[in-house]
Every structure is written in C-alpha cells, then in structure tokens.
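**Q** The structure follows.
The values are calculated or read from the model by the stated rules, or taken from the named source; none is laboratory data. Since the model is a prediction, treat every value here as computed from it, not as a measurement. Because the Cβ atoms are built from the backbone with ideal geometry, glycine has one as well, and the counts that use them run over all protein chains shown. Please note that ligands, DNA and RNA were not included when accessible areas were found on the heavy atoms of the full protein model with its side chains. Shrake-Rupley method; radii C 1.70, N 1.55, O 1.52, S 1.80 Å.
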Amino acid sequence: MFFYPIHQPINLLKFSALDFSKFGIVLTVTFLVGCATQTQQLKMNESKEPFKNGDLQNTAAVIQGAFKDKNTLYYMEMGEVQRLQGPSQIPSSTQNLLAADQLVSRWELTTSDKLRRSFSGASSYVLSEGFSSEYDPKPYEVTLLSQTLALNHLSQGRWDDAMVEAKKMAQREKVIEELIQSKVSAVSKVEREQQANPNTQAATSRIENISGYPINLLDDEETRSLKNSYQNPAAYYLSGFIHESQGEASLAAPGYRLAIELRPQVNFFKTSIAKLDSNIANRSKKSFADTLIVIDTGYMPKIIPYQISQTFNIGGNSKLITLTFPVIEKSTERFRPSLIQLGDRVANPELVANIDAMARKNLRDEMPAYVLRASSRALVSLTAQYAADRAAQQAANQRNQNNQNNGTAALIGAIAGMITGYGLQAINVTDVRHWSTLPAQTYMARMGLPIGPTVLKYTLPSGVTASQTVNLVGGYNVVYIRMFRNKATVLTSNDPAALPPKPTDPAAVINTATPLPVTTSVVATTAPMPALIESKPPEGTFAGFKKLLGGFQDPKPEEAALELPAPTVSKATVSSPAVAQPSTPTPAPASNPNPTSAPAPSETPASSNIEGVRPYEPPNLLNSFQQLFN
C-alpha cells in the first residue's frame, strides 16, 4: 500500500456552497453514467454461457436488453451474433456491421482531432474517457470489424466489396498507429500537468505504483511476443487471398508478407507468396476449387472491474480510497481443431491469430491511461471532500460567533456528506466494455479441392464429429467455421442463401383507392446500407443538470439534426446454425471469384459517407472540476 502526500495547502476561500453543489452533482452524474456502462457489460457477461453453447437466439436477446442506447459496441455484438445464426441472417448482420463501421470512421476523425487540437482537449479526453455512453473501439476490434465485413461480403459472393474492406484494413492501420501514438503522448502530457498541480501532484500512470494489481495476466509469453495489439495476421492473409482472387498481385503480396512477418511459423503463408505469380497467371484456367478454410475457436475472456485500496495523504491526514481498474481473466476453453476434412482430403489448420493475446496486449498498453485517470480522479475527489469538510467547519464556527448563516452551514454540511457518499463512488468506476462475442483464436488452412458438393467433417470441442455438405465453385472459395462447445456454424463464400430477399413489387400492394405520397425507391445491388447514424450528444445527461442549475457554462444553441432510422434487427426470422441444416448444392451467384478480367472495385466502402454527422464530444469532466478550483 502506498501513501501519496499532498504538501501544498488548499485554497478554501474560493469555494462557495454553490460550487460544492455543482461539484457534487457532477460526481453524482459521473457515478450514474459509469455504473450504466458497467451494468451493460455485466449483462453481456451473463450471455457468455449461452454463447459458448451456441444458443445464439438467447445471446441476441441479452444484447438487445443490455444496450439502452445503440452505440458502436451494440452494432458489432449484434452483427457478429447474427452472422453466426446462418446465411439467411447475413444481410441483417452486414447492415449492423456497416453501422458500426460508420461510427468507427467518425470516432477515428473526432478522437484524432481532439488529441491533436490542443493540450486542453487532450487533457479532457484522457481524464474523462470512459464516462460516456459512446464506445471507443479497441484497435484490434477495428481490424476484426473489417475482417468480419469482408467475410460477410464473401458469403454473398461480393468479392469486389470484400476487396474494398481489405484495402480499408491497411488504411485504418495507419490511422490506428497515429492515434495510439497521440494517446501515449497525451497521457504523458497530462501526467506532467497533474503532477505540477498541488492538488493532484501524486497522480501517476505507472501500474507498478499500484500494489496488488495482477500484472501477470498481461505478461504471458504470447502477449509479450506481439508487435502491437492491432496487426492481425489472419486479416492480412485474408486480404492477400481476396486480392489474389481478383488478380491484384501488387496488393496481394503486401498482405501475405505482413502475415509472414507477424506469424513466420505458419508454413502455408510462405507457400502462398511463393506461388502468387503463377496462381494469378493461371487464375482463369483453374480446374479446382482453391479453398481457404477459416476456423474460429474459443471465447474472449471477460474484462472485469478489479478494486484495490490505496492510501493518500490529504491535509496531513491519511485517506483510504478504493480504486477500480480493468482486469482480464485467465484464458479458458482453448481448442485446437483436431479434424477438418473435406471429401477425402484432411486439412492441417495452423494457428494464425491469437485474439486473446491481442486483447491482453491492448489492455497492457492502455494501463497508463487507466492508472492516471483513477489516481487523478481520486485526488480531485479527496481534495474537494477535504475542502468541503473545512468549509463546513468554518461556517459552523462563524455561526457560533454571530449566530447567523445557519442555512449556509447546514447546506455546506449536507453537500460535504453527499460528496463523501457519491463523490468517492463516482471515481470508483472503470470502463470494462469490450466486443465479447469475438473468438479467442483463429486457425487457417488452404487446400485445392474438387469443384462441386463436398462433405465437410469436423470434430467439435465436445469430441463429437459433425458433418455437412458445402458447395465449392471453380476458382477461389472461403469456408468459415465457428466452433462452439457442441455445435458449429459453417458459412461458405458464394452462397445464394446469404443474399438479401428480392424486393416485393410495389405495384402488387398499392391500394388504388387510397392516394399515397410520391416516394423514390432505390433497390440496392450491394450489401444493405445502414441509415446515417445520428447519435444524441453524449453530454445529454449533464445537460439536464446544467439547466437545473443555470449551467456550468454559457448555453449553446441546439443544433437541428434530421433523425434517420438506425439499422433495425429483424426478430421475425432467425435461422439455426448451418451445422443443423446441411446446405444443398446450389449454383454460384452471378458474382464470380475468378473472372477473366478482374472487376473494378468500388472506389469507397459503402459505409464511408459520414457527411452531416456531428462530431463525437465526450463529456468535459476535467473542465467541470477545474472550474471549482479557479
């Protein structure tokens, strides 16, 4: 246990009863928002067991109930569960994942701008992060979002759209790298500022200064071996495979090389780069199904709040306070596929991505910000509590001298009690939200197989061997398997069942007796487009209290915004996992993974149009605190 002293005296004369009222309300609201995010993740943790058993309908119901507001995390969770329900749910899954992709694009722009714009902006972002209902996606989640969208497009035979997502992976990697560097720099700057402030000079960003934290959970061999938390070898190889299928050798080669650099022990990675030129040269002459098998196994470990007691010296007195940090649990239920067989060919899947380790690496990298936020919030709250207690005592002494200010003394005493009860709880929260339906590991294998219906056999973690028929076309194919304890979902590329239903002819349902407004209908020829996401300002909770008090700052005119419907989730049709219903051999859809001439990919992804979206502004909690001390 460490003692953090504050040597400089606190200026009590600058605090008024209204100041304490404002501060107490800010902390109360902070407490409510922080508890809401923790409650959301606790509900998601309850869905772990149904999800591990492959009970996807109940998992989807838990997701619906856990999220009061549909944010980035909601769309990612729902999109992942929907695609695992079978090919008929791919259109709905793609719609939700595109909605998440749109919000991620906005987050990249606004967060990068906030960290670069000014020191005050960076300081506010670092210290208030986690207090908003908005969700800041983790770097590895951003990569997996593009990878999952690409797999959805492949299921529908839209290889050109999958290539757009593959290109986006590389583009976003640069953005993520710059963003991580900016956050590291911001944390360092904020730490220096906090340590220069007499009221928060004991603030620290070093997890080593917090006794009792289980750092061993972030320091295993696999986690230490990772270059960073966002480069995914599986995503890079999939990107190379997609570009190869379209005849783009110059784009396929970098994907294969990066996969080899990150995972040099995978043998077929090296074979793919060696045969790239000959594969593309003979692309139109292939008489077999060049098939990439992707197998996702295991489950993301829970990230939970972990409480540690620390002692701070405030005004010459030791104050014990409980700080909360995120902790990632130990890995459980790891599974290496023991049998993957297509026809008479047995695959040899190799581990290509450890998403569990990527999550641990990300948390290890984020710990300085978590520690700085927790220690800074603790010191600000304790200092305010100390000042409130002193002010109440001064008011009581003044009352005894002239028998006046009875109301003021009582008010200040009540506010001091509220700060004690709610203020210390407000800083005792941490954001533990994460994309919980992701797999823990990804395995891959690449095989040349006969064209046409093929029996796929695989052994599940329970030891049961299951089988079903998949249809392979000439050229390039992807077979995706998501294993649960005693069942699996199988998705294949070029599957007509994954295409959206044909639109109903409006003329057949129009009632000629009732005049209808004239509308323009556009039938999409690509994946379903999500409506433009127009989220509510994150400061909404604070705004109500600001109006009650007259506001902490000058009121701003509300911006008029056109509300468009967000992507909806269909509850009417939910298909069973593909393992329950073996697929019937069906001709491939019109989109050809091996055309004579490569189709021109779209210039921009379907989700790239984010004009008109208001920038994300996290609640400026730091400024609310600083106003009390200035």
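**Q** Is segment 290-305 home to any residue that is of a type in the set (A, V, I, L, M, F, W, C), open to solvent by 10 Å² or more (accessible area, probe 1.4 Å) and farther than 30 Å from Q41 by Cβ?
**A** no
**Q** Check whether at least one residue in segment 245-252 is touching a residue at least 12 places away in the same chain (Cβ under 8 Å) and within 28 Å of the chain's Cα centre (by Cα), and report yes or no.
**A** yes
**Q** Next up: Counting only residues that are surrounded by fewer than 22 Cβ atoms within 10 Å (Cβ to Cβ) and in a helix (DSSP H, G or I), which one in segment 192-214 is nearest to the chain's Cα centre (by Cα)?
**A** Going through the qualifying residues, I end up with I207.
**Q** Looking at segment 68-87 only, could you name the residues that are farther than 20 Å from V142 by Cα and either modelled with pLDDT of 95 or more or open to solvent by less than 20 Å² (accessible area, probe 1.4 Å) (or both)?
**A** Q85, G86, P87
**Q** Taking the criterion of being among the charged types (D, E, K, R) and more than 19 Å from the chain's Cα centre (by Cα), would at least one residue in segment 138-157 satisfy it?
**A** Checked against the condition, which is being among the charged types (D, E, K, R) and more than 19 Å from the chain's Cα centre (by Cα), segment 138-157 yields no hits at all.
**Q** What is the residue count in segment 318-351 for residues that are in a strand (DSSP E or B) and without any contact (Cβ under 8 Å) to a residue 40 or more places away in the chain?
**A** The qualifying residues number 2.
**Q** Go through (1) surrounded by 24 or more Cβ atoms within 10 Å (Cβ to Cβ); (2) farther than 29 Å from I176 by Cβ for T59 and report which single condition fails.
**A** Of the numbered conditions (1) surrounded by 24 or more Cβ atoms within 10 Å (Cβ to Cβ); (2) farther than 29 Å from I176 by Cβ, the odd one out for T59 is (2).
Residues are listed down the side, and each one gets a yes or a no for (1) open to solvent by 40 Å² or more (accessible area, probe 1.4 Å); (2) at pLDDT below 75; (3) closer than 30 Å to L363 by Cβ; (4) touching a helix residue (DSSP H, G or I) at 6+ places or on another chain (Cβ under 6 Å):
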residue: T383; (1), (2), (3), (4): no, no, yes, no
residue: Q398; (1), (2), (3), (4): yes, yes, no, no
residue: L411; (1), (2), (3), (4): yes, yes, no, yes
residue: A416; (1), (2), (3), (4): no, yes, no, yes
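**Q** Only one of (1) modelled with pLDDT of 95 or more; (2) touching a helix residue (DSSP H, G or I) at 6+ places or on another chain (Cβ under 6 Å) fails for A498. Which number is that?
**A** Result: A498 passes all but (1).
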